[in-house]
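Asker: Here it is, the structure, as structure tokens.
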2 protein chains.
Amino acid sequence: MSSSRIPQCENSSRLSLSSIFRYFGTTSTIATMSPKKVTIIGSGNWGSAIARIVGSTTKSFPDEFDPTVRMWVFEEIVNGEKLSEVINNRHENIKYLPGKVLPNNVVAVTDLVESCEGSNVLVFVVPHQFVKGICEKLVGKIPADTQAISLIKGISFDKTNQGVSTEKRGGLKLISEEIKEILKIEVSVLMGANLAPEVANDNFCEATIGCKRKAEDGPLLKKLFHTDNFRINVVEDAHTVELCGALKNVVACAAGFTDGLGYGDNTKAAVIRLGLMETTKFVEHYYPGSNLQTFFESCGIADLITTCYGGRNRKVCEAFVKTGKSMAEVEKELLNGQSAQGPLTAEEVYLMMHKTGLDAKFPLFTAVHKICAGEMKPAELVDCLRNHPEHM
Amino acid sequence: MSSSRIPQCENSSRLSLSSIFRYFGTTSTIATMSPKKVTIIGSGNWGSAIARIVGSTTKSFPDEFDPTVRMWVFEEIVNGEKLSEVINNRHENIKYLPGKVLPNNVVAVTDLVESCEGSNVLVFVVPHQFVKGICEKLVGKIPADTQAISLIKGISFDKTNQGVSTEKRGGLKLISEEIKEILKIEVSVLMGANLAPEVANDNFCEATIGCKRKAEDGPLLKKLFHTDNFRINVVEDAHTVELCGALKNVVACAAGFTDGLGYGDNTKAAVIRLGLMETTKFVEHYYPGSNLQTFFESCGIADLITTCYGGRNRKVCEAFVKTGKSMAEVEKELLNGQSAQGPLTAEEVYLMMHKTGLDAKFPLFTAVHKICAGEMKPAELVDCLRNHPEHM
């Protein structure tokens, strides 16, 4: 699980750094190439929290990274001011991360194509539904060797079933696959136990980068995100990392239902465990060859725990049970205009499982969708779990 | 992970049941042998909760189990009455599980040897420190083919270092090994996300039985504990099951420290994950050949989650940080005379790691001991984790 480490010589010029490497009889592809330009596509709560990290690391490693980090901002007027101008003048995202300073090398750019021009690393951190439109606008506008890293949690259900690979998987498509398909570039992912407000608060936490070309791209990506309080592990098993990030929200719904029903810690732990087991089975079914070890990374159990105790899906689903209101109503009341990903992902997962006749093997995922859709009572959740395949 | 299933013919006599098996061309060692006598050694909170389950299952399977379950009770006078008499007359353990009915086939016996006479299955559920004395009293007093199952969470550090096996392990000895060594019988273990009050309340939960002779003993033991609301998986990897049960209390101390320090969900999840990673490394070091899958059972992640959110070790360690009082003081104030296992286990683990020069590889376990012992400030915990071997 350990990742490669790059020698760190922060104050050396590129010339002297490569001399040092030659002296020690080694070369570094990072050190001898020109500094990478980084763009953050997105400026919401999580995007702004990650901008604080990326702004800092790019300044710390001038040999590897261009010190200017562009952040694409969807322009909004906030209290009579343009959000992009507030970010560039006062270094604060007053709408989505108020009270936290953004590094002054993070520059808001409102034109998407301009923000990505000549960029070597694109950090995708926008709501799921905007990915396709954004990528289509960038076709032909970025260098051919650009790489992307997605911080977006969710999956697509491709109803048109185009392409052999998604057909095999009942229509399942990962966000990283969607980006790769349109832009024809390598796409890694970053997932972990990372509630955005706590990351913005510099609380110690961990995250996992899933990177198929770990040896080539892993060291650079680790350097871009790894700080004293944001500890990165890099693994090759990128599909698993990404699916953990999507499916945990479904499990968190189940955890929220048990909280709403007042079932206590034992039941909640059983529900979380059975949800994790279904996640492992789901990954293994749709992406055979996943590594069990990956579920022990931050993207796996740690993110699952955080999400099932502190996340918004849990909160909404608890309220759904306690108030008897519709999911849409409780979302509106509790999430301040944001939506909960869990019920959406549960529906997509259900559709693809149903299509491939697998719903009976995933009783927890199936129950979450049916409860969210009003087709099953929350109190019936445990009945579905009593004869779980795990207990047979 | 699935366990064998035994055909269930609750209302058949032994004769007709064996006829049925012959008819279908199969035999069952369970069905053709005489019903097993079961004794529960212990009558505390957890022992009484488990007595409700065992009392029920033994009645449900008269072909497999003798319907009388003896429970060894350490006699106490409670409100002027003998505890054993209250249990036998009113079917309630008014001291350790008030308000819950014990099945009327659970019979309190105050003489240890008498309670185990002729018993085929001994369920050990007493505080760790009484195990040795109890076993020594039973030597020569139980049938040679008796088997035991331990529900006790903890480990021993054998300071005398007798025996090659414990010497190899820096003095580490499991409770199951201690029982086996003295009584020369097979010892399985049962661990899981099982806070006793919730089990007594019949809330849905899961547990794991670790049973080295899974094929021979697993089906009977599963039948003894498996109910609609207490779901059992049986695995062969018994050492891992038992060590998970002991080490989770150390991790829960670390989780309690982060709660006391107000670090939030991300940090707590990272601490729990790093604690789990140290647990896997510890098991692999001292008992090579453990199965990673076992950590996904209830005894692994599920129990860890429950303990780190709802358990007493977490609670005590949170208060230790918040109040600045000694561990002994907060235990006295919060645990109503009971003690927290975590600090004790942390010390034992530290001693054996230190002896084998391994403490640097287990920074979380080491920090927990040092904080409990007053040798390190709680706020230094995260500093110990920043350069965790997992991040290298």
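Asker: Which whole-number percent is the relative contact order of chain B (Cα, under 8 Å, 6+ apart)?
Answerer: So the answer I get is 13 percent.
Asker: Next up: Using the Kirkwood formula on the Cα atoms of segment A:204-289, what hydrodynamic radius do you get, in angstrom to one decimal?
Answerer: Hydrodynamic radius (Kirkwood, Cα pairs) of segment A:204-289 is 14.7 Å.
Asker: As a test question: what accessible area, to the nearest 10 Å², does residue A:377 have when a 1.4 Å probe is rolled over all protein chains in place?
Answerer: Looks like 140 Å² after rounding.
Asker: I've got another one for you. How long are the semi-axes of the equivalent ellipsoid of segment B:241-387, taking √(5λ) for every eigenvalue λ of the Cα gyration tensor, in whole Å from largest down?
Answerer: Each semi-axis is √(5λ); the values are 23, 16, 15 Å.
Asker: I want to verify a result. In a Gaussian network model of chain B, Cα cutoff 10 Å, which of these has the top mean-square fluctuation: B:319, B:340, B:360?
Answerer: B:360
Asker: Here is a follow-up. Give me the net charge for the shell around residue A:263: Cβ to Cβ below 12 angstrom, other residues only, Lys and Arg +1, Asp and Glu -1.
Answerer: -4
Asker: Moving on to the next point. Ignoring everything except DSSP H segments at least 4 long, calculate the 222 nm mean residue ellipticity for the protein assembly as shown; use -39,500 (n - 2.57) per segment, divide by total residues, nearest 500.
Answerer: -14500 deg cm²/dmol
Asker: Still on this structure, I have one more. Percent antiparallel among DSSP beta bridges with both residues in chain B, to the nearest 5?
Answerer: About 25 percent, rounded to the nearest 5.
Asker: Here's another thing I want to ask about it. Counting pairs of Cα atoms in the protein assembly as shown, how many percent are more than 33 Å apart?
Answerer: Roughly 56 percent, rounded to a whole number.
Asker: Apply the a/c threshold of 1.5 to the C-alpha gyration tensor of chain B and tell me whether it is rounded, prolate or oblate.
Answerer: Judged from the Cα gyration tensor, chain B comes out prolate (a/c at least 1.5, a/b above b/c).
Asker: If each label sits 7 angstrom from Cα along the C-beta direction, how far apart, in nm, is residue A:284 from its counterparts in the other copies?
Answerer: 1.9
Asker: Hey, another quick one. Test of understanding: express the Cα radius of gyration of segment A:170-313 as a ratio to 2.2 N^0.38 Å, with N the residue count.
Answerer: So segment A:170-313 has a normalised radius of gyration of 1.07.
Asker: Using a basic spin-label model with each label point 7 Å from the Cα along Cα→Cβ, how many nm lie between residue A:78 and residue A:335?
Answerer: Those two pseudo-labels are separated by 2.0 nm.
Asker: Using protein chains only and a probe of 1.4 angstrom, how many square angstrom of residue A:63 are accessible, to the nearest 10?
Answerer: 10 Å²
Asker: For chain A, which DSSP H helices look membrane-span-like by this rule: Cα extent along the axis of 30 Å or more and mean Kyte-Doolittle of at least -1.0?
Answerer: Helix filter hits for chain A: A:238-261, A:264-286.
Asker: Continuing with this model, one more query. Given axes a ≥ b ≥ c from the Cα gyration tensor, I'd like to know whether segment A:48-162 is rounded (a/c under 1.5), prolate (a/b larger than b/c) or oblate.
Answerer: Oblate.
Asker: Amide H of residue B:73: which non-local residues (sequence gap of 5 or more, or other chain) have their own amide H closer than 5 Å, using H built in the peptide plane?
Answerer: Under 5 Å from the amide H of residue B:73: B:109, B:110.
Asker: With every protein chain kept in place and ligands, DNA and RNA left out, what is the accessible area per residue of segment A:36-236? Probe 1.4 Å, answer in Å².
Answerer: 38 Å²
Asker: Treating segment B:36-236 as a set of equal point scatterers at the Cα positions, no solvent, please give the Debye-formula log₁₀ I(q)/I(0) at q = 0.18, 0.19 Å⁻¹.
Answerer: Taken in order of the listed q values, log10 I(q)/I(0) reads -1.30, -1.44.
Asker: If you take the accessible area of A alone plus B alone and subtract the pair, what total do you get in square angstrom, rounded to 100, with a 1.4 Å probe? Could you put the intermediate results ahead of the total?
Answerer: On the way: alone 17560 and 17530 Å², together 30650 Å².
Buried area (both sides, nearest 100 Å²): 4400 Å².
Asker: For residue A:356, which inter-copy label distances result when the label point lies 7 Å beyond Cα on the Cα-to-Cβ vector, reported in nm to one decimal and in ascending order?
Answerer: Result for residue A:356, in nm, nearest copy first: 4.2.
Asker: Let me ask something else. Taking springs between alpha-carbon atoms closer than 10 angstrom, which of B:136, B:81, B:329 fluctuates most in the Gaussian network model of chain B?
Answerer: Largest GNM mean-square fluctuation: B:81.
Asker: May I pose another question? Give the accessible area for residue B:370 in Å² (nearest 10); use a 1.4 Å probe, count only protein heavy atoms, and leave out ligands, DNA and RNA.
Answerer: Accessible surface of residue B:370 is approximately 60 Å².
Asker: Something else: Take chain A, connect every pair of alpha-carbon atoms lying under 10 Å apart with a spring to form a Gaussian network, then pick out the residue of A:242, A:186, A:380 with the largest mean-square fluctuation.
Answerer: Result for chain A, Cα springs under 10 Å: A:380 fluctuates most.
Asker: For segment B:320-392 and segment A:273-312, what is the separation of their Cα centres, given in Å?
Answerer: Here the two parts' Cα centres lie 28 Å apart.
Asker: So, one more: Is there a pair in B:95/B:222; A:248/B:59; A:59/B:377 whose C-alpha atoms are over 31 Å apart, and which pairs would that be? Present the calculation step by step, with values, prior to reporting the outcome.
Answerer: On the way: B:95/B:222 29 Å; A:248/B:59 40 Å; A:59/B:377 33 Å.
In this structure, A:248/B:59; A:59/B:377 exceed 31 Å between Cα atoms.
Asker: How shielded is B:193-199 by partner chains, expressed as the average number of their Cβ atoms within 10 Å of its Cβ atoms?
Answerer: For peptide B:193-199, the averaged partner shielding equals 4.
Asker: Residues with beta-carbon under 10 Å from that of residue A:214, excluding residue A:214: net charge, scoring Lys, Arg +1 and Asp, Glu -1?
Answerer: -1
Asker: Moving on to the next point. Would you tally the net charge around residue B:101, using a Cβ to Cβ cut-off of less than 10 Å, leaving residue B:101 out, and scoring K and R as +1, D and E as -1?
Answerer: Here the charged neighbours net out to +2.
Asker: Only bridges with both residues in segment B:36-236 count here: give the DSSP antiparallel percent, nearest 5.
Answerer: 25 percent
Asker: Also, quick follow-up: Relative to the other copies, what are the label-point distances for residue B:130, with labels 7 Å from Cα along the C-beta vector, expressed in nm at one decimal and sorted shortest first?
Answerer: 6.3
The values are calculated or read from the model by the stated rules, or taken from the named source; none is laboratory data. What you are looking at is a predicted structure, and each value in this text was computed from that prediction instead of being measured. Please note: Cβ atoms are built from the backbone with ideal geometry, for glycine as well, and neighbour counts cover all protein chains shown. With ligands, DNA and RNA removed, areas are computed over all heavy atoms of the protein, side chains included. Shrake-Rupley method; radii C 1.70, N 1.55, O 1.52, S 1.80 Å.
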